[in-house]
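See structure below.
The values are calculated or read from the model by the stated rules, or taken from the named source; none is laboratory data. Computed from a predicted structure; not experimentally measured. Cβ atoms come from the backbone with ideal geometry, glycine included; neighbour counts cover every protein chain shown. For the accessible areas, the whole protein counts, side chains as well, though only heavy atoms, and no ligand, DNA or RNA atoms are used. Shrake-Rupley method; radii C 1.70, N 1.55, O 1.52, S 1.80 Å.
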Amino acid sequence: MTGDVLIRQLEYLVALARERHFARAAQACHVSQPALSAAIRRLEHELDVPIVLRGRRFGGFTPEGQRVVGWAHRILAERDGLRTDLDRMRSGLSATLRIGAIPTAVPATPLITARFEAAHPRARVRIEALSSREITRRLSDFELDIGITYLDDESAASMRVVQLYAERFLLLMPRDCPLAGERVVEWAAAAQLPLCALTPDMRNRRILDATMAAAGARLAPVVETDNVGALYAHIAKRGLSSIVSHAWVHAFGVPEGSCVRPLAEPNPHPPVGLVALPREPSSILVDAVWDAMKGADLPAEFERSLAGVLEH
């Protein structure tokens, strides 16, 4: 190394890795494109390695560049951790907790943020709905602090984890549906209803498809969406039925004119929980979430919500 690497250079590099485009990276960093390009060239000179594959446009990173990007993420995360720690010592935790949640777990997030914010009233929270793969990638790139995802996914094996609840699937349907009179609904019978469901690229949908296949049926929804809110809107406004997680019923309730019934066994119970990078020293924000969730009983919260609606 012939000089000192500046934090700003690393910030520009991380922005380029995220945007994959010089102009967009410059805009995200509030600098001109020539200034960003010059800073990255200086970084290449100081580290004495080629970092960016250049052509008429951004062409990716060299093998050395990919390694530098990884270190840049780590160094910036440690810088942010230092600031968070000093801030906490002065006046309490006030950083922004960045959460990535699979869409099916987003309805459970208020139970997490309420406990976290009660313990740290000056802190803030930002939640993004992401796929499980994107959560893993962004945790690895230090762009998220925690994820909320399925724990039986292989990517969770290398993470710091705590289970929050196991999903339980219910049939949400119009109150005048013939199946509303059943105490427990068979999966094959549910498949015959006009259903709305999440899209096949989502893990929740793949679980339901496999369960239907095991019951000798096929899930063929009339409406597909990647958004739980859109799914509920179609239930409320079009009178469609859907197979939903009990966490959704806790968060959104049962739309007027609808009812909810248990689905027969075998009913999948995929575990959902918090995941974070196993860092040493551990992240102050992650530790704060883990401490806030000690003693939390989300399954009991969900069951209390269901007690009333299952009787109607």
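Tell me, in nm to one decimal, what length is gained between residue 158 and residue 119 on full extension, where the rule is 0.36 nm per residue of separation less the Cα-Cα distance?
Details: separation 39, 0.36 × 39 = 14.04 nm, distance 2.80 nm.
This chain segment gains 11.2 nm when fully extended.
Evaluate 2.2 N^0.38 Å with N set to the residue count of the stretch 148-252, then give the Cα radius of gyration divided by it. Before the final figure, lay out each step's value.
On the way: Rg = 14.5 Å, N = 105, 2.2 N^0.38 = 12.9 Å.
For the stretch 148-252, the normalised Cα radius of gyration comes out at 1.13.
Search the structure for amide H atoms under 5 Å from the amide H of residue 258, placed 1.01 Å from N in the peptide plane, and list their residues when 5 or more places away or on another chain.
Long-range HN contacts for residue 258: 175.
In a shell of Cβ-Cβ distance under 15 Å around residue 49, excluding residue 49 itself, what net charge do Lys and Arg (+1) and Asp and Glu (-1) give?
On the way: positive: 41, 42, 54, 67; negative: 44, 46, 48, 64.
So the environment of residue 49 carries a net charge of 0.
Just to verify a number: FRET efficiency for residue 226 and residue 301, C-beta to C-beta distance, R0 = 35 Å, to 0.05? Please report the intermediate quantities before stating the final value.
Values: r = 26 Å, r/R0 = 0.74.
About 0.85, to the nearest 0.05.
Sort the stretch 82-142 into rounded, prolate or oblate with this rule: let a ≥ b ≥ c be the square roots of the eigenvalues of the Cα gyration tensor; rounded if a/c is under 1.5, and if a/c is not under 1.5, prolate when a/b is larger than b/c, oblate otherwise. Working shown, then result.
Working: a/c = 4.06, a/b = 1.51, b/c = 2.69.
Cα axes put the stretch 82-142 in the oblate bin.
How large is the dipole of the stretch 11-65 about the Cα centre if only Lys and Arg carry +1 and Asp and Glu carry -1, each at its Cβ, rounded to the nearest 20 debye? Please list the in-between numbers first.
On the way: 8 positive and 6 negative charges, 74 e Å.
Using Cβ point charges on Lys, Arg, Asp and Glu, the stretch 11-65 gives about 360 debye.
Work out how much length residue 175 to residue 294 would gain on full extension: take 0.36 nm times their residue separation and subtract the Cα-Cα distance, in nm to one decimal. Walk me through the numbers on the way to the answer.
Values: separation 119, 0.36 × 119 = 42.84 nm, distance 3.86 nm.
Gain on stretching residue 175 to residue 294: 39.0 nm.
Which one is right for this structure if Kirkwood radius over Cα pairs in Å is calculated from it: (i) 20.4; (ii) 19.4; (iii) 22.0?
Only one listed value fits the structure, namely (iii).
Looking at the chain only, what percent of DSSP beta bridges run antiparallel? Nearest 5 please. All intermediate terms of the calculation are to be shown ahead of the outcome.
Working: 21 of 35 bridges.
Roughly 60 percent of the DSSP beta bridges within the chain come out antiparallel.
Which value, in Å², gives the accessible area per residue of the stretch 17-100 when a 1.4 Å probe is used on the protein heavy atoms? The partial results should precede the final answer.
On the way: 5090 Å² over 84 residues.
That works out to 61 Å² for each residue.
Angle check, please: helix 7-19 long axis (alpha carbons) against the longest principal axis of the chain (alpha carbons), in degrees 0 to 90, nearest 10.
That helix lies at roughly 40 degrees to the long axis.
When the chain is modelled as a GNM with alpha-carbon springs shorter than 10 Å, which of 277, 231, 82 fluctuates the most?
Highest fluctuation among the options: 82.
Report, please, the projected area of the stretch 175-306 averaged over directions, based on the convex hull of its C-alpha atoms, in nm².
Value for the stretch 175-306: 9.8 nm².
Quote the charge dipole size of the stretch 181-298 about the Cα centre in Debye, to the nearest 20; the model charges only the Cβ of Lys and Arg (+1) and of Asp and Glu (-1). Intermediate values should be presented prior to the final figure.
Values: 10 positive and 12 negative charges, 57 e Å.
I would put it at about 280 debye.
Using only the alpha-carbon atoms, how far is helix 228-238 inclined from the longest principal axis of the chain? Give it as 0 to 90 degrees, nearest 10.
Between helix and principal axis, roughly 30 degrees.
For a Förster distance of 30 Å, can you work out the FRET efficiency between the beta-carbons of residue 210 and residue 184, rounded to the nearest 0.05?
Values: r = 20 Å, r/R0 = 0.66.
About 0.90, to the nearest 0.05.
For a quick check: with amide H placed at 1.01 Å from N, whose amide H comes under 5 Å from residue 61's, ignoring anything fewer than 5 positions away on the same chain?
Residues meeting the amide H criterion: 53.
Which whole-Hz ³J(HN,Hα) couplings does the stretch 138-153 yield from phi under the Karplus relation 6.51 cos²θ - 1.76 cosθ + 1.60, θ = phi - 60°, glycine and proline marked x?
Along the stretch 138-153, the couplings run 6, 5, 5, 8, 6, 8, 10, 8, 9, x, 10, 7, 5, 8, 8, 6 Hz.
Using only Cα atoms, locate the centre of the stretch 4-48 and the centre of the stretch 158-181, then give the distance between them in Å, rounded to an integer.
46
Relative to the first principal axis of the alpha-carbon coordinates of the chain, what is the inclination of helix 109-119, with its axis defined by its Cα atoms, in degrees from 0 to 90 and to the nearest 10?
60
Quick check on the chain: helices-only [θ] at 222 nm, where DSSP H runs of length 4 and up contribute -39,500 (n - 2.57) each and the sum goes over total residues. Nearest 500, please.
Working: 12 runs with 141 residues, N = 312.
Using -39500 (n - 2.57) per qualifying helix, the result is -14000 deg cm²/dmol.
I need the P(r) histogram for the stretch 89-194: all alpha carbon pairs, bin width 5 Å from 0 out to the longest distance, whole percents.
Over the stretch 89-194, the share of Cα pairs per 5 Å bin runs 2, 10, 17, 16, 13, 12, 10, 8, 6, 3, 1, 1, 0 percent.
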